[in-house]
Amino acid sequence: MTRLFNDPDDFAADSAAGFAAASGRWVRQVTGGVVRSTRGPEPTVAVVIGGGSGHYPAFAGLVGPGLAHGAAMGNLFASPSAHQVHSVATAAHEGRGVLLSYGNYAGDVLHFTQAQERLREAGIDCRTVTVTDDIYSAPADESEKRRGIAGDLVVFKVAGAAAEAGYDLDGVERVAILANERTRSLGVAFTGCTLPGADEPLFTVPEGRMAVGLGIHGEPGIDEVDVPSADGLAELFVSSLLAEIPEGVDVAGARVVPILNGLGSVKYEELYVVYDAVHRLLGEAGAVVVSPEVGEFCTSFDMAGVSLTLLWLDDELEDLWHAPCDTPAYRRGAVDGRVAAEIAGEDLHEDEFAVGDASDESRAAAVTIGRALDAMAGMLDEQADELGRIDRVAGDGDHGIGMQRGSRAAATAAADAVQRSAGSRTTLQHAGDAWADKGGGTSGAIWGEMLVALGAALGDDAAVDAEAVGAGVARMKDAVMSFGKAKPGDKTMIDAIVPFADRLHERLGAGAGLIEAWRDAADAATAAAEATAQLTAKLGRARSHGDKSIGTPDPGAVSFALIAHTVLRILEEED
């Protein structure tokens, strides 16, 4: 259990501020995360990493000479927003391009990809290498779907060392890809983790049992077995990882770096007992162990769990792995020739958004939009625990928390925009950006995109009538389908928003009024959300758990249906 916090909603921000205050030798804070506080004599490619908070030393603890140039820091177990990633990358950029690297999770992919597009539009060459080391999260022939766990350290370290050595962006990207291809991991857990302010862990494991194939965001394991001895766990790790050797590697005589990682509350002494057998078993298999690491490199709050990562070296990777680095949490050798970095990029203050001219009709509609967003936030406050419970069945249990944070931020941003006499488009743009920033994760990215798309359709000049709302909802549907790449039947929010948008279009086209059409559409969304209980998840974190999700509706579809009915109530009150 996490015991020390102020307001649980502020935990990530409070922790980031404390980390930066304690680590000024290595980092300084910028909007969205941290960047190096020093730089070398010559500019280098900037390696920017990131992900949700709650995994220290990943990600901010790995920023410093010889490793990462910056880390985007999302909320607890939630990806940083595109704005946060862009801010950190802009501040870290030294003129030779940017490599983004992060664990392969849906929310991170959405947000980092948006940031990459913005950087490229600004003329900055930007590439991405996602980490996919977890062998249990997808079969070998679908390795691109695997998630990143403690193998993050390998890819970040190799890329950072290559940048420090003067590699150009093509070279840094190449060795980062190679490091990922030669890295494999497997994790287990004995208990779940508990977020600040929560009364119970995100998942539980029966006494005497061990979850195998867990994720670092509190996702439950894919399999469950009796807790083995330390030697038994080492045997499970080594046999599983040796069953999938990277292409071109012959175990006999191969040089391998084992990284035994504690996930939060397993003591170092326990890790060393396990490592004793890991070391012996790798030697018996014919591998040559090089520079083993035992400790905490990628955690999950207070989770009692362990993972083993194997990096299979070649000559170039070995040189880069052993190159000096100096960060708050990971150091090797000595790094010289550093000077204080000049302050550049975005600072810690949010940019003031511009409020342009708007028609009286659009401003009046913005007031209604503000009321609707406030009502949505209130409803999601009440439903957060239930949405989290649904999400825990096959996901990581944070959907309710993420929706709660995102909707609160959107409601506050909308209220600010309305107070400044903004029109509908500006109000929704500001609210969407706030939802993406504070909600994080996949749902934060998608709801941010949806609100912005709706605002673009409504504009700041025209009256907001039924036809405009129908067109805006259609644009929301198109935006989220294009953005998230999901389709009906994948067991996502798409399964609710498509029937909602289609029914609304149908009823408005038949001459129904907005409230009548919206009511029918909201009912269609609710029925569709309930029907997702019979589907198997095909995307996102729940995908790894297959049929475990059958019998439970998708939390994203359920929350969309609840929001549709909440907006209906506001429309009825306004009528």
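Of everything listed in (1) within 20 Å of Phe77 (Cα to Cα); (2) modelled with pLDDT of 95 or more; (3) of a type in the set (A, V, I, L, M), the single unmet condition for Ala234 is (1). Considering only the range 26-39, I want to know if a residue exists there that is of a type in the set (Lys, Arg), part of a loop (DSSP other than H, G, I, E, B) and more than 23 Å from Phe483 (Cβ to Cβ). No, the range 26-39 contains no residue that is of a type in the set (Lys, Arg), part of a loop (DSSP other than H, G, I, E, B) and more than 23 Å from Phe483 (Cβ to Cβ). Put simply, of Ala176, Ala243 the only residue that is surrounded by 24 or more Cβ atoms within 10 Å (Cβ to Cβ), more than 30 Å from Phe5 (Cα to Cα) and modelled with pLDDT of 95 or more is Ala176. Looking across the range 534-560 at every residue that is more than 19 Å from the chain's Cα centre (by Cα) and aliphatic (A, V, I, L, M), the one that is modelled with the lowest pLDDT is identified as Ile550. Output the residue which, of all residues in the range 552-574 that are surrounded by fewer than 24 Cβ atoms within 10 Å (Cβ to Cβ) and not hydrophobic (A, V, I, L, M, F, W, C), is nearest to Ala496 (Cα to Cα). It comes out as Pro553. Considering only residues in the range 1-31 that are among the basic types (Lys, Arg) and assigned by TED's automatic domain parsing to the domain that holds Leu195, the one that is surrounded by the most Cβ atoms within 10 Å (Cβ to Cβ) turns out to be Arg28. Gly248 satisfies every condition listed in (1) on the phi > 0 side of the Ramachandran plot; (2) surrounded by 24 or more Cβ atoms within 10 Å (Cβ to Cβ) except (2).
Table: residues versus (1) in contact (Cβ under 8 Å) with a residue 24 or more places away in the chain; (2) in contact with a Gly (Cβ under 7 Å, 6 or more places away or on another chain); (3) on the phi > 0 side of the Ramachandran plot.
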| site | (1), (2), (3) |
| --- | --- |
| Asp10 | no, no, no |
| Gly18 | no, no, no |
| Val34 | yes, yes, no |
| Ser37 | yes, yes, no |
| Gly40 | yes, yes, no |
| His55 | yes, no, no |
| Ser81 | yes, yes, no |
| Glu94 | yes, no, no |
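The residue that is surrounded by the fewest Cβ atoms within 10 Å (Cβ to Cβ), among those in the range 32-47 that are in contact with a strand residue (DSSP E or B) (Cβ under 7 Å, 6 or more places away or on another chain) and over 30 Å from Ala198 (Cα atoms), is Thr38.
If I ask for residues that are at pLDDT 95 or above, of a type outside the set (Val, Ile, Thr) and farther than 23 Å from Asp250 by Cα, which ones from the range 284-303 would you list? If the condition is that a residue be at pLDDT 95 or above, of a type outside the set (Val, Ile, Thr) and farther than 23 Å from Asp250 by Cα, then Gly295, Glu296, Phe297, Cys298 are the ones that fit. Hey, can you tell me all the residues within the range 205-226 that are modelled with pLDDT of 85 or more and either crowded, with 21+ Cβ neighbours inside 10 Å or under 29 Å from Glu142 (Cα atoms) (or both)? Listed by number, the residues that qualify are Val205, Arg209, Met210, Ala211, Val212, Gly213, Asp223, Glu224, Val225, Asp226. Ser143 meets all of the listed conditions (1) part of a helix (DSSP H, G or I); (2) over 20 Å from the mean Cα position of the chain (by Cα); (3) farther than 29 Å from Ser15 by Cβ but one, namely (2).
Here's the yes/no breakdown for (1) in the same structural domain as Phe301 (by TED's automatic domain parsing); (2) in contact (Cβ under 8 Å) with a residue 12 or more places away in the chain; (3) more than 24 Å from Thr327 (Cα to Cα); (4) in contact with a helix residue (DSSP H, G or I) (Cβ under 9 Å, 6 or more places away or on another chain):
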| position | (1), (2), (3), (4) |
| --- | --- |
| Arg127 | yes, yes, no, yes |
| Ile135 | yes, yes, yes, yes |
| Pro139 | yes, no, yes, yes |
| Ala150 | yes, yes, no, no |
| Val158 | yes, yes, no, yes |
| Ala179 | yes, yes, no, yes |
| Pro206 | yes, yes, yes, no |
| Asp223 | yes, yes, yes, no |
| Ala230 | yes, yes, yes, yes |
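Of the residues making up the range 67-98, those that are in a loop (DSSP other than H, G, I, E, B) and surrounded by fewer than 24 Cβ atoms within 10 Å (Cβ to Cβ) are Glu94, Gly95, Arg96, Gly97. Taking the range 526-540 as the range and being assigned to a helix (DSSP H, G or I) and in contact (Cβ under 8 Å) with a residue 40 or more places away in the chain as the test, only Thr532 passes.
Exactly one residue among Glu467, Glu449 is closer than 27 Å to Arg405 by Cβ, modelled with pLDDT under 95 and either in contact with a Pro (Cβ under 8 Å, 6 or more places away or on another chain) or of a type in the set (Asp, Glu) (or both), and that residue is Glu449.
Only one of the numbered conditions (1) within 15 Å of the chain's Cα centre (by Cα); (2) under 30 Å from Ala22 (Cβ atoms); (3) hydrophobic (A, V, I, L, M, F, W, C) is not met by Val63, and that is (1).
The values are calculated or read from the model by the stated rules, or taken from the named source; none is laboratory data. As the structure is a computational prediction, the values presented were derived from the model and not from experiment. Every residue, glycine as well, gets a Cβ built from its backbone with ideal geometry; the counts of neighbours run over all protein chains shown.
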